[in-house]
Amino acid sequence: MRQPRGGEQEQGCSDGHEPFRDKEGEVDGHDGLRGRTWPNAKQEARPTMIPFVRDMAFEYGRPDAVSPLIRRVVANNPGPFTYLGTGTYIVGHGEVAVIDPGPLLDAHLDAILTATEGERISHILITHTHLDHAPLAYPLKARTGAIIYGLDEPRQQVDEGDDDHSSVEDNEARFRPDVVIADGQTFAGPDWTLEALFTPGHASNHVAYALSEENALFCGDHIMGWSTTVISPPDGDMSHYYASLDRVQARGFNVLWPTHGPPVTKVTPFVEAYRNHRHARELQILSELRQGGATIAEMTPRLYRGVDKRLHAAAARSVLAHLIHLRRTGQVHCEGPPNLDSHFKLISNGTI
Ligand SMILES: [Zn+2]
């Protein structure tokens, strides 16, 4: 089996976190919002305290029973976008589902097979097709005969920090599950029931899976306990992301199990903080535009003042995601389709 090159593995694919957080991880310190207000803003930006959770006891390849029905095996692919590595979840006993097998790593395949020895893997469920989540599904299927469920890889994905669109043509390289699933579709084993919840935003083909027996949600990269998530257009979409946050919050889950890092147990305040973080960023962008029109290249260094310049390319994509949303909601204007080079202006009272 092909082993990913070191660089690929470390990079972890076009996914992961928005790497601009303060050292303690309690405040979104990188955006400089703490204590700031904008006198002209209709709303006042509030400090965005995200109650990150980062501590997690684990060993690579060791299956840990983390709840009555859930085991977790972490792949050894830590990095700036994958945190400690990909957490693969095994749901149920005897006849089990595997959620996000992970990256193409022989050791991780062996770990999943060892963890499920004497059991049958009936379902392989994919949250989305980023490289640290889906590729190991194929060799796992080959070894076990399990069926792969999820959504097709979109034709075009963009790596954060990368201005060039990397097109994935409609060919063998594109990840495709055996079964393309529907929103709300359920899957069951002897002691578990999972429901697919479409949650686009981080990725257009992102699906979370609700475990009804534990009122839990496997939320993939939609919500991560250790960091904010990357929304990188065009595959990432901020409007969809907001809607998906609302959808998760409305369900009242007891616990969220992200692919990377420990579970989120205080779900409502966490999701609210996640949303507030984004809204505060939008207010900051609108405040920038209140000084006159600007491009993303002009705004990003000011919005991310004090943040490592090497992260500004990824930050610019996040700003673009916000501006696309603000344009869609009639708050900003630019000529033609919004992109990194567009000149954005504020729309106030219906005029530019
Ligand atoms: Zn991802």
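Overview of values
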| item | result |
| --- | --- |
| Filter result for the condition that a residue is in a helix (DSSP H, G or I), without any contact (Cβ under 8 Å) to a residue 40 or more places away in the chain and away from the ligand (no atom under 16 Å from the Cβ), over 288, 213 | 288 |
| Members of the range 187-206 that are within 12 Å of the ligand (Cβ to nearest atom) and of a type in the set (A, V, I, L, M, F, W, C) | 203 |
| Residue among 246, 191 that is over 18 Å from residue 321 (Cβ atoms), more than 13 Å from the chain's Cα centre (by Cα) and surrounded by fewer than 24 Cβ atoms within 10 Å (Cβ to Cβ) | 191 |
| Single match in 271, 230 (criterion: in contact (Cβ under 8 Å) with a residue 12 or more places away in the chain, buried (at least 22 other Cβ atoms within 10 Å of the Cβ) and aliphatic (A, V, I, L, M)) | 230 |
| Pair list, Cβ < 7 Å and 6+ apart or interchain, from the range 110-127 residues that are surrounded by 21 or more Cβ atoms within 10 Å (Cβ to Cβ) to residues that are at pLDDT 95 or above and among the basic types (Lys, Arg) | 124/141 |
| Looking only at the range 65-89, and only at residues there that are more than 25 Å from residue 228 (Cα to Cα) and out of contact with any Phe, Trp or Tyr (no Cβ under 6 Å at 6 or more places or on another chain), the one that is surrounded by the fewest Cβ atoms within 10 Å (Cβ to Cβ) | 68 |
| All positions within the range 61-86 that are in a strand (DSSP E or B) and either closer than 19 Å to residue 187 by Cβ or polar (S, T, N, Q) (or both) | 70, 71, 72 |
| Tally, over the range 216-243, of residues that are under 19 Å from residue 85 (Cα atoms) and either assigned to a loop (DSSP other than H, G, I, E, B) or under 9 Å from the mean Cα position of the chain (by Cα) (or both) | 12 |
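The values are calculated or read from the model by the stated rules, or taken from the named source; none is laboratory data. The structure presented is a predicted model; accordingly, all values stated were derived computationally and were not measured. Counting neighbours? That spans all protein chains shown, and the Cβs are built from the backbone with ideal geometry, glycine included.
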